[in-house]
Each structure stands twice: as structure tokens, then as C-alpha cells.
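Trainee: I have a structure I would like to understand better, so I am pasting it below and will then ask my questions one at a time.
The values are calculated or read from the model by the stated rules, or taken from the named source; none is laboratory data. Source: prediction; values computed, not measured. Cβ placement follows ideal geometry from the backbone for every residue including glycine, while neighbour counts extend to all protein chains displayed. Surface areas here come from the heavy atoms of the whole protein model, side chains and all, with no ligands, DNA or RNA. Shrake-Rupley method; radii C 1.70, N 1.55, O 1.52, S 1.80 Å.
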Amino acid sequence: MKRSNTDRLAAPAFLRMCMANFFLFASVYVVVLLQASCTFFLLLFAVGMLVVGPFHAYLGDAYKRKHVYLLSALLTTLAGGAALVNVHPTLLYIAALLQGAGFGLAVTAGITLAIDITPSEHRTSCNVCYATVARLGMIAGILLPAFLQGVWDVRQMLTLSLVLGALGLCFAARVHVAFRAPIGMTLYNMDRFFLPRAWLPAVNVLLKAMAAGLLMPLLFLTEWRVGAATLVAFLMLQTAFAWTRLFVNLSQHCQRGTANTTFYLATDLGVMAGLFLFEQGGWGDALMWPLMMVAGLMLASILLYVLATDAYYRKHRVR
């Protein structure tokens, strides 16, 4: 089957957005893992993501979506590198809040752009691909601090985060997006933020992501590094492959972006929650406890899917 002119034009643009997404997530998670020992940072980052959520739809409607993405990705990158400047700790906490807000906006704007530049018949498979690339970026971002510890100091790692963010901006800047007339969204609404119909699958994904977050600090322990990295990669990539389509199938035609954002939100908040639990636990050398929590979360996610989510999905899917 011959590819249409639309497909030929869309493919390079989609590839650029995938690369921008990869570098955005890698840049952010380098900082997240470096700062994870400060649980207040994790809380502020998560709050930033949630606070901007209800404004996603308005910003994407009132302004050019590409500009929203570029500015929010730039804010994310600069806020992540704020620790390179010797400032008052309060300003670093504000930077964490701004980084979370910028990241939340950039993720949603990026999803919208990736959908806009993709032919309608390929959008679901492209959603899966885009989500998978995001998790590959996240995996790269958490592995870099772990494997470069003792070789690079924190300032060098933060500089690397800035470079990764800049690379993502370069790729996104080269994406052409057709003009779309505004439809008059209200300032504050749940569109492009949270899909109520997907609340139960979101809990499933949250539990799996929490397990991955609990494992991430083990990357800094040489004897656990390979095993933890392998399991985190499996959990994140399997989630992207298996769950993106499920969220999309629970959405109406005009809710595809909202479904994808809900999936990303559940995943990233789950990771933050897992990191928070590990750092708050004060486990010391008693690592069997967090490992038991990982096993419990994975088992809970499986049981929830088998006993409730699968039936819920079959009843409420609309695609």
C-alpha cells in the first residue's frame, strides 16, 4: 500500500516530537533522581504538575500549541538546572514547583502536538510509540546519575540535564504544526488533564509506577543496580505498551489527548510517590522492606486488574 502525502509529511515531524519527548523526560528524570533524597522537592514537583492541569485545555486553545510546548519545556529545563546557581534554598523549592508545572504543561502540549501531526488512522499506534519513547527517556534519565556517580559530580549532572533539555527543544522547534482555530475553551476545566472514565485503570498504573519509583534509589547501590534497572525498565515499558491503548479506548474521539494525559499523569505521579516512600522510610540496610513493598504493589496491581479493571474496561470502552 502506498503512503499518502500526508503520511510522508507527518512521519519526520512525529519522529522529531518523539526525540523531543525522549530528551524532555531524560532531562527531567536526571534532576528528579538527583533530588529524590529531598522529599519536599518531590512534593513540590508533583504539586506543580497538578496545579497547572486544569489550565491545559485553555492554554492549548488560546495560544499556538507549539509555542506552549516550547515555552513550558524551556521553563522545565531552566528550573531543573537552577541548583547550578548559588541561591537561597527557598528559591530552589520554587524552582522545583516551576519545574513540575512546566513539565506538566510540556507533556500535555507534546501529546497534543503528536496527535495533531499524525494521520487519524495511525493515531493510536503513534500514541503507544510516543509513550514508549517517553519511558525510554525516563529510563535514560535515571540511569545516567546512577552509572556516572563517582565520575561526575552533581553540577556536571545538572549541566547534562540542561544539555538534554536543549536538545529536546531543538527537535521540537523544527516541527511544523498546521494552524487550528480556537474553539473557545474556558480558563479552568478538566479537558486535556483527567479523564474520569479512566480512573480505575489510572489506579492500576499508579500502583505499578510506585513499584518502579521504590526501586529507583537502588540504582545507586552497585550490587542492586542491574537488577533494579532491569525491573524498572520492564515495568515502565510494559506499562507504556499495554496500557496506552487501553486509556485511548476509554475515550471519545475528542478525548484522546485527555486519555493520554491521564495515563502520563498516573505514571509520573506514581513514580514520585514511590521515590517519596523510599526516602521517607529510612530503611538503611534493611532493603527487604522496600522490596516487599514493591512485590506487594505489583501483586495489588495484578489483582486489581483481574478482579475489577478488566471488567470495568470491557463495560466502559467506547472504541
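Trainee: Consider S37 against the criteria (1) in a helix (DSSP H, G or I); (2) farther than 26 Å from L113 by Cβ: it satisfies all of them except one. Which criterion is unmet?
Mentor: (1) is the only condition that S37 fails.
Trainee: Just to verify a result, which residue in the stretch 1-60, among those that are over 30 Å from T186 (Cα atoms) and among the β-branched types (V, I, T), is modelled with the lowest pLDDT?
Mentor: Going through the qualifying residues, I end up with T6.
Trainee: Taking only the stretch 274-309 into account, find how many residues are surrounded by fewer than 15 Cβ atoms within 10 Å (Cβ to Cβ) and under 24 Å from the mean Cα position of the chain (by Cα).
Mentor: The qualifying residues number 5.
Trainee: Sort through V205, V226 and tell me the only one that's of a type in the set (V, I, T) and modelled with pLDDT under 95.
Mentor: Only one candidate passes the filter, namely V226.
Trainee: Could you run through the stretch 189-207 and say how many residues are open to solvent by less than 50 Å² (accessible area, probe 1.4 Å) and either in contact with a strand residue (DSSP E or B) (Cβ under 6 Å, 6 or more places away or on another chain) or not in a loop (DSSP other than H, G, I, E, B) (or both)?
Mentor: Of the residues in that region, 7 qualify.
Trainee: Between residues in the stretch 109-121 that are under 12 Å from A11 (Cβ atoms) and residues that are in a helix (DSSP H, G or I) and of a type in the set (D, E), which pairs lie under 9 Å by C-beta distance while being six or more apart or on different chains?
Mentor: Filtered contacts from the stretch 109-121: P119/D7.
Table: residues versus (1) modelled with pLDDT of 95 or more; (2) hydrophobic (A, V, I, L, M, F, W, C); (3) in a helix (DSSP H, G or I).
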residue	(1), (2), (3)
Y264	yes, no, yes
D268	yes, no, yes
A273	yes, yes, yes
E279	no, no, yes
W283	no, yes, no
A286	no, yes, no
P290	no, no, yes
A295	yes, yes, yes
L299	yes, yes, yes
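Trainee: Got at least one residue in the stretch 208-222 being open to solvent by 60 Å² or more (accessible area, probe 1.4 Å) and not in a loop (DSSP other than H, G, I, E, B)?
Mentor: Scanning the stretch 208-222, I find at least one residue that is open to solvent by 60 Å² or more (accessible area, probe 1.4 Å) and not in a loop (DSSP other than H, G, I, E, B), so the answer is yes.
Trainee: Further question on the same structure: For T186, only one of the following conditions fails: (1) open to solvent by 10 Å² or more (accessible area, probe 1.4 Å); (2) under 24 Å from T124 (Cβ atoms); (3) of a type in the set (S, T, Y). What is its number?
Mentor: Unmet for T186, out of (1) open to solvent by 10 Å² or more (accessible area, probe 1.4 Å); (2) under 24 Å from T124 (Cβ atoms); (3) of a type in the set (S, T, Y): (2).
Trainee: Give me a count of the residues in the stretch 247-272 that are in contact with a helix residue (DSSP H, G or I) (Cβ under 8 Å, 6 or more places away or on another chain) and surrounded by fewer than 19 Cβ atoms within 10 Å (Cβ to Cβ).
Mentor: So the count comes out to 1.
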